[in-house]
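The values are calculated or read from the model by the stated rules, or taken from the named source; none is laboratory data. Everything numeric here is computed off the predicted structure, so don't read it as measured data. Cβ coordinates were reconstructed from backbone atoms using ideal geometry, including for glycine residues, and neighbour counts include every protein chain displayed.
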Amino acid sequence: MDNIPERPDNSFRIILNLDYPESRMDNTLLNALRNQNENLTLKNISRGALKELFSNKKILIKGQRAKSNSSLAKGVTYVDILGFK
């Protein structure tokens, strides 16, 4: 059974369930955000605004700062975006 990391306060969580590894997190996350309907601000986020979230260390995987060029493994990844509920 997977360990689900604790979601930080004042954050929005998106769960990526990948059928195959992805070489860049930013493109995968942007597509996932645009396909969700829980947070309309993040649904309509621009590529530049997403890049700024990465630069400001507002995107975490398992509580660790994620980089836009981080690769993602196949399977489930919990991504938390700080400052959004």
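When you scan segment 1-21, how many residues do you find that are among the acidic types (Asp, Glu) and at pLDDT 95 or above?
Number of matching residues: 1.
Can you find a residue in segment 65-72 that is in a helix (DSSP H, G or I) and among the hydrophobic types (A, V, I, L, M, F, W, C)?
There is no residue in segment 65-72 that is in a helix (DSSP H, G or I) and among the hydrophobic types (A, V, I, L, M, F, W, C).
Just checking, does segment 18-26 include any residue being of a type in the set (Lys, Arg), more than 15 Å from PHE84 (Cβ to Cβ) and in a loop (DSSP other than H, G, I, E, B)?
Yes - at least one qualifying residue is present in segment 18-26.
Determine whether GLN36 is under 19 Å from ASN3 (Cβ atoms) and free of Cβ contacts under 8 Å to residues at least 40 places away in the same chain.
When the stated conditions are applied, GLN36 does not pass them.
Search segment 15-35 for residues being in contact with a strand residue (DSSP E or B) (Cβ under 7 Å, 6 or more places away or on another chain) and of a type outside the set (A, V, I, L, M, F, W, C), and hand back the single one that is nearest to SER46 (Cα to Cα).
THR28
Would you point out which residue out of LEU82, LEU72, LEU18 is crowded, with 18+ Cβ neighbours inside 10 Å and of a type outside the set (Lys, Arg)?
Being crowded, with 18+ Cβ neighbours inside 10 Å and of a type outside the set (Lys, Arg) holds for just one of LEU82, LEU72, LEU18, which is LEU72.
For segment 59-72, what are the residues that are charged (D, E, K, R) and without any contact (Cβ under 8 Å) to a residue 24 or more places away in the chain?
ARG65
Being at pLDDT 95 or above, over 11 Å from the mean Cα position of the chain (by Cα) and of a type in the set (Lys, Arg), is that true of even one residue in segment 29-44?
Within segment 29-44, one or more residues are at pLDDT 95 or above, over 11 Å from the mean Cα position of the chain (by Cα) and of a type in the set (Lys, Arg).
Kindly indicate whether any position in segment 41-63 is among the β-branched types (Val, Ile, Thr) and loosely packed, with under 14 Cβ neighbours inside 10 Å.
Yes, because at least one residue in segment 41-63 is among the β-branched types (Val, Ile, Thr) and loosely packed, with under 14 Cβ neighbours inside 10 Å.
Here is a yes/no grid of residues against (1) more than 19 Å from ASN3 (Cα to Cα); (2) among the acidic types (Asp, Glu); (3) in a helix (DSSP H, G or I); (4) touching a residue at least 60 places away in the same chain (Cβ under 8 Å):
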| position | (1), (2), (3), (4) |
| --- | --- |
| ALA49 | yes, no, yes, no |
| LEU53 | yes, no, yes, no |
| LYS57 | yes, no, no, no |
| PHE84 | yes, no, no, yes |
